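Before any comments, here is the structure.
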Amino acid sequence: MAKASKNIFFCQNCGYESSKWMGQCPGCREWNTFVEEPLPQKTAARAGKPQRQKDMAVPVTIREIDLKEDTRKTSRMEELDRVLGGGIVQGSLVLVGGDPGIGKSTLLLQVCRNLAGDGVEVLYISGEESLRQIKLRALRIGSFEDTLSLLCETNLENIREIIERRKPSVVVIDSIQTMFHEEISSAPGSVSQVRESTNVLMQLAKGLGVTIFIVGHVTKEGNVAGPRVLEHMVDTVLYFEGDRHASYRILRAVKNRFGSTNEIGVFEMQESGLQEVKNPSEFMLNGRPENASGSVVTCSMEGTRPILVELQALVCQSSFGIPRRTSVGTDFNRVNLLMAVLEKKAGVHLAQSDAYVNIAGGLRMTEPAIDLGIALAVVSSYRDIVIPDTVMAFGEIGLSGEVRAVSMPGQRVLEARKLGFDTVILPEVCRQAVKELSGIRLIYVGSVREAIKAISEIKK
Ligand code: TYD
Ligand code: MG
């Protein structure tokens, strides 16, 4: 006897399956995330497609695997290529997530334009915008080649057929939440639809060697909407983020099977689309105040690239019993910890002071190397000492007030010299690693106390 069609409950957050509704997901501990969806029907036809059996995979040895010469293509955008680990890998599945309006469609349309310009067959499939809308956007970006084809489609079976017929090299799916598979009866954007759609796309990418970019929307919490399994299925997960009020955008790899995940790409949204920012430090240091206390420049490594930022602190007398501390762009607990170290190990009495710490430009940085910058900015504001704007400081601070080593000190110093800084305050323990450089003064410090002494002396 045929069973009546069954329903199953999915966690919208992590994709956990359950036969009954639950208040809290045992998988990710989120509350109230279960929704009822029909059980995906696996038909016999799909399970055993005849052509699948014919080209069944045979085990091979490592030596037999042929690495074709150009398995990576350049997108003609250095910033994107770097985040991808050196170019677009053939047959890879790349998920691009980000808030609405951040520029995902714009970025991918520009990539399509560049690839098409190199003679690569590109297919851009949109389920969100009409062809007219895409054309309007394309007109802002620039001229397009005929190797780029556009399609408005949301049915995955049709998409599969078109890809199999036309065999493009690169496909963009904008966005996965609008795609649906006929065999699954739940609405587009639901867990089973997103999962099944990605599955189909993965088979296409691996089977035909097509590179597929998938756009994914993010939820309020900042995760790609739909199940976490989506992130497990794809090869690369990129997040496109940025401050709504600032024009720059940062592309970050969260997962990459073909490269490192530390690299970032910096773009600026302009009237004619996204422009690459080749020198982010210069960009971030724009509009720095002159002769203001509470401001110091520090350096954080983003992957292999040093980025200089301005750290600002404002310390003032607290009017309540409990002082107020706020930080924007850095870890709040780290700021509290550094202030406790300053109090206890450097004799800076901050217990009765409010403190506000900010990374100018809206960038978010978590590397401990900016510790010394935070500490000096706080002291500079508290004692009203102006740190000259040609001084840069970096170093991690330990709980006993020692300034500890950080990675790649030499590159940070070089970046500072390149941008015209004349003094760098850095950890004593990095002396070996940094070679003597002409044209820049290096002040090595072993503790926060020494660093504070150094800035008071620079002033004189
Ligand atoms: P879009 O790529 O549509 O974002 P997403 O696909 O991530 O939702 O980006 C749209 C925003 O970018 C919109 O606010 C307008 C702006 N924009 C520009 O400033 N200049 C441009 O040349 C383009 C195409 C868009
Ligand atoms: Mg879009």
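Taken together, the values in this text are just the output of simple stated rules run on the coordinates, not laboratory data. Predicted model, so just to flag it, every value in this text is computed and none were measured. Positions of Cβ are generated from backbone atoms using ideal geometry, with glycine treated the same way; all protein chains shown enter the neighbour counts.
What percent of all Cα-Cα pairs in the chain falls into each 20 Å bin, going from 0 up to the bin containing the maximum distance? Pair shares across the bins are 21, 43, 29, 6, 0. Assuming charge only on the beta carbon of Lys and Arg (+1) and of Asp and Glu (-1), the dipole of the chain about its Cα centre is about 620 debye to the nearest 20. In this rough spin-label picture, where each label sits 7 Å from Cα along the Cβ direction, the residue 135-residue 261 distance is 4.2 nm. Dipole size of the range 61-180 about its Cα centre, with +1 on Lys/Arg Cβ and -1 on Asp/Glu Cβ: approximately 200 debye, rounded to the nearest 20. The calculated FRET efficiency for the pair residue 90 and residue 336, based on their C-beta separation and a Förster distance of 45 Å, comes to about 0.40. Hey, which of these cross-link pairs are over 22 Å Cα-Cα: 104/255; 104/135; 73/135; 345/418; 167/255? Checking Cα-Cα distances, 73/135; 345/418; 167/255 exceed 22 Å. Residues whose amide H lies under 5 Å from that of residue 254, counting only those 5 or more places away or on a different chain, are 237, 238, 239; hydrogens are built 1.01 Å from N in the peptide plane. In percent, rounded to a whole number, the relative contact order of the chain is 12, using alpha-carbon pairs under 8 Å and six or more apart.
Counting only DSSP beta bridges with both residues in the chain, the antiparallel share comes to about 55 percent. Close amide H partners of residue 425, meaning residues 5 or more places away or on another chain with modelled amide H under 5 Å apart, are 392, 393, 394, 443.
Distances between placed amide hydrogens fall under 5 Å for residue 348 paired with 343, all partners being 5 or more residues away or on another chain. Computed on the range 322-439, with alpha-carbon pairs under 8 angstrom and 6+ residues apart, the relative contact order is 22 percent.
What the Cβ-Cβ distance of residue 67 and residue 39 gives, at R0 = 60 Å and to the nearest 0.05, is a FRET efficiency of 0.90.
Annotation for residue 276 and residue 153: the two label points, set 7 Å from Cα along the Cα-Cβ direction, are 3.2 nm apart. Considering only 397, 26, 269, the residue lying farthest towards the positive end of the dipole of the chain is 26, judged by Cα position with unit charges set on Cβ. In order along the range 77-91, the phi-based Karplus estimate (6.51 cos²θ - 1.76 cosθ + 1.60, θ = phi - 60°) of 3J(HN,Hα) comes to 10, 4, 4, 6, 4, 5, 5, 6, x, x, x, 7, 7, 5, x Hz; Gly and Pro are listed as x. Each label point was placed 7 Å from the Cα along the Cα-to-Cβ direction; for residue 145 and residue 128 their separation is 2.6 nm. With a Förster radius of 25 Å applied to the C-beta separation of residue 183 and residue 206, the computed FRET efficiency comes to 0.80.
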